[in-house]
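Visitor: Quick one: the structure is below, questions incoming.
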Amino acid sequence: MRKAGILYCNCCGKMISESCDAQREDFFHFEKTWGYFSKKDGTSESADICESCLEQWMTQFQIPPQTVERTEIFEC
């Protein structure tokens, strides 16, 4: 969630640093526009989740996400 130009984790509320220095953090961003046959038909939602909260959330999954190791990653 972005407030006054600063990115915050929607789960824990901590500030997520986006600067290109040693304090930089990566985060998970998602957007969903709900379509027909949904209780949220016609609405859009988005959130930003810090890596720590994402790890905690994924431990609750019955089927874990697929993990693929990448050798080339774009960084600032």
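The values are calculated or read from the model by the stated rules, or taken from the named source; none is laboratory data. Keep in mind the model is a prediction, meaning the values are calculated, not measured. When we count neighbours, we look across all protein chains shown, and the Cβ atoms used for this are built from the backbone with ideal geometry, even at glycine.
Visitor: Residue pairs, Cβ under 8 Å, 6 or more apart or interchain, first in the stretch 54-76 and on the phi < 0 side of the Ramachandran plot, second among the aliphatic types (A, V, I, L, M). List them.
Guide: Hits for this filter: TRP57/ILE49; PRO64/MET58; PRO65/MET58.
Visitor: On the basis of being surrounded by fewer than 10 Cβ atoms within 10 Å (Cβ to Cβ) and modelled with pLDDT under 90, does ILE63 make the cut?
Guide: no
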